[in-house]
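Student: Quick one: structure below, then a few questions.
Derivation of every value follows stated rules applied to the coordinates shown; laboratory data play no part. Only a predicted model underlies this, so the values are computations on that prediction, with no experimental measurement involved. Glycine gets a Cβ as well: all are built from the backbone with ideal geometry, and neighbour counts include every protein chain shown.
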Amino acid sequence: MDTRDLYRDVILDHNRSPRNFGRLEPADGSALGHNPLCGDSLSITLRVQGERLSELRFNGQGCAISVASASLMSEAVTGKPLDEIAALYHDVHGLLTVDKYTPQRPLGKLMALSGVREFPARVKCASLCWHTLNAALEQRNAAASPVAAAAVSTE
Amino acid sequence: MNAPRAQASPPVRAVANEFSAERVRADFPILAREVNGRPLVYLDSAASAQQPRAVLDAIEHYATTTHANVHRGVHTLSQEATAAFEGAREHVRRFINARSTREIIFTRGTTEAINLVAQSWGGAQLKPGDEVLITHLEHHANIVPWQMACAAHGARLVAAPLAPDGALDLPAFIALLGERTRMIAVAHVSNALGTVLPLREIVAEAQRRGIPVLVDGAQAIAHQRVDVQALDCDFYAFSGHKVYGPTGIGVLYAREALLAKMPPWQGGGDMILTVAIESSTYNDLPWRFEAGTPNISGAIGLGAALGYLEGLGLDAVHRHEQRLLAEATGALQALPGLRLIGTAPEKMGVVSFTLDGVHPHDIGTLLDAEGVAVRTGHHCAMPAMTFFGLAATARASFGCYNTSADIERLVAALIKVREVFG
């Protein structure tokens, strides 16, 4: 177990300077993610044009892994078709949880998260933003009417 | 009294010489293991303390020579198991100086003990508009059971604020005592901050008003002598695994006069005298509150743990740990960007802290890589964290087996954390 594999430069950089940090108002979809293990929370707001995610912002507080993961995710999904995002989620999940996982598509900077798998206690930190993104997309589908933002938990 | 100041030797020696924590360490087999290639530094006793050989032996001896169900049957094993189980109860009584074993109820732990009181006592006593007074530093185990009881009976849960250093704001606490206050439930020592609560003052104010006091003793029981008659509280709850015993066993001490008026809590075997389909008659104290086969080996292990601690001497353990606390406080304060959370004048067993620009979760992972085990997160005390405007802290907590070398390893590992995060 080498923590340098977890805290790679890309991760530390995105933790220090998170991309797409903030909030979109109005938003087409939003959700609040919560990690009861550490009390961290993450909110995601997003806009969709056609079947493409046009913009995403996240905010909240969290550890370096959860902040960097959300930041990397925000770059990876912005401008992407929704079905491609679903496939990307599948690959990231595999990367985080399956030994020697071979992604179906090039993951680019998201590969920086491959070290997380060696730290089972931290997988939820990295996956929280993806669960929250899914919830925000579902909330957008479910809500033609103004309902409360969806909430997810890693538990 | 200038002797301590005149002493030139570093505190490392002072601790080692007087108490011989090294000898104590040899009693705990788990401390010999390595974690991530480094000798284990265990600084998470506030979450769960390790067990000495004496406890493991007692449990094994029971399982290999004595096990049978208790309070049933006339055969030899059942009688011996009953004697060992009830012997453990007597040991607990002696350890906390209760008047009678009728006041010692075995539970699964502190949480279950508080739930027992909240539901049984609360069910009989709480009326709409009544109040239960707690503090902002309570463990969730001393918040949620009261929330549930209050919700069930239309009562209100009131929490006293803290001072900026994490001490209880005693004047504010006293001001919150009102005509409708029916119960005071407070920690003896805060698990998140290490604050020692002013129980003497709290109990005195409570008695003046005729309000019962429940003390959550989970974080105090292993660190100092606890005498429930001297404290004069009405309920005192603690867990076996915080006092070097096994998990799944704990104790509720309850003043007999209150216990006698409380309705049974859980129903089942062992808590009855006679059962007919229409109704039952209930057993005497303390068994009336112990439905079903109890955690027999857990109770025996707990008894052994108390015996072990008595052997070390609670006063010596207390002095040793207070010195470690002072030493850790000084060493951590010297680290740039480190902020201690909870700096009350009276503390015990725990240092909680944050590090600028580094989330506690990341601290925890990086310390673990160095073989140093600390707790990170909200410590099941989210209102206490909120009070400090935090979601989480890192927490190092001490037991009888910790040494100055452990603190040095903690500090060295924290310096490495700083290096990683720049």
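Student: Using DSSP H assignments, which helices in chain A have an axial alpha-carbon span of 15 Å or above and a mean Kyte-Doolittle hydropathy of 1.0 or higher?
Tutor: Taking the DSSP H segments of chain A (at least 15 Å long, mean hydropathy at least 1.0), we get A:64-77.
Student: While we're here: Just need log10 I(q)/I(0) for the protein assembly as shown at q = 0.09 Å⁻¹, Debye formula, equal scatterers on the alpha-carbon atoms, no solvent, rounded to two decimals.
Tutor: The computed values of log10 I(q)/I(0) come out as -0.80.
Student: Which order do peptides A:111-119, A:19-27 fall in by mean Cβ count within 10 Å, highest first?
Tutor: Put in order of decreasing packing, that is A:111-119, A:19-27.
Student: For segment B:216-304, which GluC sites (Glu not before Pro) are in a loop by DSSP, counting at most 12 other Cβ atoms within 10 Å?
Tutor: When the GluC sites (Glu not before Pro) of segment B:216-304 are filtered for loop state and at most 12 Cβ neighbours within 10 Å, B:GLU278 remain.
Student: Between segment A:1-54 and segment B:122-167, what's the alpha-carbon centroid distance in Å?
Tutor: Here the two parts' Cα centres lie 36 Å apart.
Student: If you add up the charges near B:ALA46, with Lys and Arg at +1 and Asp and Glu at -1, over every other residue whose beta carbon is less than 10 angstrom from its beta carbon, what do you get?
Tutor: Net charge in that neighbourhood comes out at +2.
Student: Holding the Cα-Cα limit at 26 Å, pick out from B:LYS347/B:LYS416; B:LYS242/B:LYS347; A:LYS124/B:LYS347; A:LYS124/B:LYS242 the pairs that are longer than that.
Tutor: Listed pairs above 26 Å: B:LYS347/B:LYS416; A:LYS124/B:LYS347; A:LYS124/B:LYS242.
Student: Between the helical axis of B:404-421 and the dominant principal axis of chain B, each derived from Cα atoms, what acute angle in degrees is found, rounded to the nearest 10?
Tutor: Result, in degrees: 70.
Student: Kindly put B:LEU273, B:LEU56 in sequence by how many other C-beta atoms sit within 10 Å of each C-beta, fewest to most.
Tutor: Lowest count first: B:LEU273, B:LEU56.
Student: Here's a follow-up. Tally the DSSP beta bridges in the protein assembly as shown and give the antiparallel ones as a percent, rounded to 5.
Tutor: Around 65 percent antiparallel, to the nearest 5.
Student: Compare B:ARG208, B:ARG288, B:ARG409 in a GNM of chain B, Cα atoms joined below 10 Å, and give the one with the largest fluctuation.
Tutor: Maximum among the listed residues: B:ARG208.
Student: Return the distance in nm (one decimal) between the two label points of a simple spin-label model at B:ASN36 and B:ASP232, each offset 7 Å from Cα along Cα→Cβ.
Tutor: 5.0
Student: Can you tell me how much longer the chain between B:GLN266 and B:ALA405 gets when fully stretched, taken as 0.36 nm per residue apart minus their C-alpha distance, in nm with one decimal?
Tutor: Gain on stretching B:GLN266 to B:ALA405: 45.3 nm.
Student: Next question. Using alpha carbon centroids, what distance separates segment B:198-214 and segment B:268-319, in Å?
Tutor: 27
Student: So, one more: Which cross-chain or sequence-distant (5 or more) residues have an amide H under 5 Å from the amide H of A:VAL48, H modelled 1.01 Å from N in plane?
Tutor: A:ASP28, A:SER54
Student: Quick one: angle between helix B:144-153 and the longest Cα principal axis of chain B, in degrees between 0 and 90, rounded to 10, please.
Tutor: On a 0 to 90 degree scale, this one is about 40.
Student: Please list, short to long, the whole-number percent of alpha-carbon pairs of segment B:55-311 in consecutive 5 angstrom bins beginning at zero.
Tutor: The distribution over segment B:55-311 is 1, 6, 13, 17, 19, 16, 12, 8, 5, 2, 1, 0, 0, given as percents.
Student: Taking 0.36 nm per intervening residue step and subtracting the Cα-Cα distance, what contour gain separates A:ALA142 from A:ALA87 on full extension?
Tutor: 17.7 nm
Student: May I ask you to order B:373-385, B:305-317, B:99-111 by the average number of other C-beta atoms within 10 Å around their residues, highest value first?
Tutor: B:373-385, B:99-111, B:305-317
Student: While we're on this one: Could you tell me how many degrees, from 0 to 90 and to the nearest 10, lie between the Cα long axis of helix B:199-209 and the main elongation axis, the longest principal axis, of the Cα atoms of chain B?
Tutor: The answer is roughly 30 degrees.
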